[in-house]
Amino acid sequence: MKKQIFNKAGLFALLFGAMATMNSCSKDLPEAEADPTPSALVAVHNFALLVPSNLTVMLNNANLSVLGAPASIAYGGNLSGPYAGVKPGATTIGLRTLTGTTDLVSKSATLNASSATSVFAYDTLTPAGTIKAIALNNNMTASAAGTANLRFLNLSPTSAVLSAVLTRTADGFGVATTGSTTFGNVAYVGSTTPNEATLSNFTNIPVGTYSLALVSGTTNVFTTTLTIREGKAYSLVARGYAAGRPGTTAAQALGASLIMHNP
């Protein structure tokens, strides 16, 4: 029978060399870095009337770039994305025309990391060259199963008070059902100093298909159909001029926009 002979000195030398190699490699590894601070998310929606061009966005006096070009938001539109990621902290958000050198409106807001904020431009451009804006917090927490979150904003400057009546005609699976939700007698946001914390609040409603009626007094002044999806957060916006204003174009007429904040 053959015997295997171990050279202890050689074995120790081999182990020492392996340990030295491991220590040398570990020194070459970069040290772990702290996670970067999450961005704050900002969306901008344009419901300002009679502005002569699309709106662009200034963040702390620097033009916001989208896909390599200055942000350009048409009436009724918003940033593509729908959010832009910005550095958290005290932020000045200015809105101006694409070729303008001064803001039509400016909002100061403290944007927290990972927060989501929607800025709504609204009202009619004044002779002095100003519009209005509100900055609302979007709670991105998913709603309970079978439901969604929705808020109603009256941004129609010639509609002093509107009610939004949502009549449910089908559930989330398309099965016929009944039920309704009413946002009653909601004043035009610009009629007083807006309470942005209150306006930010959502109402939880069942998902499904709804018939929407905007009601002034007892008269339906606009109707359409909406689809509300599970777990989503929406702003339902009344926009444009009520009937009867001279010179109103079809694009400026009273209507409604449904904005999803967590696509």
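Candidates Leu153, Thr37, Ser53 compared by Cα position along the dipole of the chain: farthest toward the positive end lies Thr37, with charges placed on Cβ.
Which one is right for this structure if Rg/Rh (Cα atoms, Kirkwood Rh) is calculated from it: (i) 1.21; (ii) 0.95; (iii) 1.30? It is the value labelled (iii). Across the alpha-carbon set of the stretch 186-244, the Rg to Rh ratio works out to 0.98, Rh being the Kirkwood radius. Under the simplified labelling scheme, the Ala145-Thr192 pair shows an inter-label distance of 4.1 nm, with each label point 7 Å from Cα along Cα→Cβ.
Comparing Asn195, Asn46, Asn54 in a Gaussian network model of the chain (Cα springs below 10 Å), the most mobile by mean-square fluctuation is Asn195. The Cα-based radius of gyration and maximum Cα-Cα distance (Dmax) for the stretch 37-137 are 12.5, 42 Å.
Taking the Cα atoms only, what angle lies between the long axis of helix 8-28 and the longest principal axis of the chain, rounded to 10 degrees? The answer is roughly 20 degrees. Put simply, the amide H of Ala170, placed in the peptide plane, has neighbours under 5 Å in Thr177, Thr209, leaving out anything fewer than 5 places away on its chain.
In this entry, the stretch 141-263 is assigned a mean projected area of 8.1 nm², taken as a quarter of its C-alpha convex hull surface. Once the mean of 1/r is taken over each pair of separate Cα atoms and inverted, the stretch 106-195 shows a Kirkwood hydrodynamic radius of 16.1 Å. For the peptides 156-168, 118-130, the ranking by packing is 156-168, 118-130, with the highest mean count of neighbouring Cβ atoms within 10 Å listed first. Remark: the chain carries a charge dipole of roughly 520 debye about the Cα centre, counting +1 on each Lys and Arg Cβ and -1 on each Asp and Glu Cβ.
Just so you know, all these numbers are worked out from the coordinates, no wet-lab data involved. Every value quoted in this text rests on a predicted model; they were computed, and no experiment measured them. Positions of Cβ are backbone-derived with ideal geometry, glycine not excepted, and every protein chain shown enters the neighbour counts.
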